[in-house]
Each structure stands twice: as C-alpha cells, then as structure tokens.
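Throughout, read-outs are computed from the coordinates displayed, never taken from laboratory work. Everything numeric here is computed off the predicted structure, so don't read it as measured data. For neighbour counting, all protein chains shown are included, and Cβ atoms are generated from backbone atoms with ideal geometry for every residue, glycine included.
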Amino acid sequence: METPANQITLADFPVGTRLHIRSKKDWRTAVISKFDNKKVTLIVCSPLGRTYRLRRSLETLIIFDGKIPLLKIETEENWRDNFTKYDFRW
C-alpha cells in the first residue's frame, strides 16, 4: 500500500513517541516501543494500570489534533469525548 507523500505514518516517528489510539471501547495512550521490518510495536496503557502490546503496519496513517498525534480511524470521532479514565491513585 502506497501512502501519499504528504501523509505522516508510524514509520516517521522515533521510538518513544507517545500517541493516542482507539481501542474497542475508548481512546488510550500508547508509545512506540520497537520497529521491525514491516511492523511497529506499540505499548498501550489500560485503565487498570496494566499495559499490552499491539503491532501495526509501518504505513499506518497518523493524523494530528493540534500537536497531539492520533492513529487514524475510519469514523469521525472526537477523542476527547471518549478518552479513558486511568487509575488516579498514582
């Protein structure tokens, strides 16, 4: 899959970049942890304090809300309306 020249993808970011992704229920914070030949490994924070890994293609599109990077999804949804609530004890 070719991406247009003006589009930013996951491959354009360094390891350690934080971004927001859409899970099944809500938006969550993730960080890029590793690059492979064709995949990027993301570590995602869950609301209960645990983390899990997701792998996405290097060519996954990124959109911006101001300076905040978001993994592109098909629907038009404001991520602020459904951002997960994390454990506030920490």
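Set the Cα radius of gyration of region 8-72 against 2.2 N^0.38 Å, with N its number of residues, and you get 1.03. For a label point 7 Å from the Cα of Asp36 along Cα→C-beta, name the residues of region 54-71 whose backbone N is under 17 Å from it. Backbone N within reach: 54-60.
Could you tell me whether region 41-85 comes out rounded, prolate or oblate from its Cα gyration tensor? Rule is a ≥ b ≥ c as square roots of the eigenvalues, rounded for a/c under 1.5, then prolate if a/b exceeds b/c, otherwise oblate. It is oblate, given that a/c is not under 1.5 and a/b is not larger than b/c.
Under a model in which nothing but the beta-carbon of Lys, Arg (+1) and Asp, Glu (-1) is charged, the chain shows a dipole of about 540 debye around its Cα centre.
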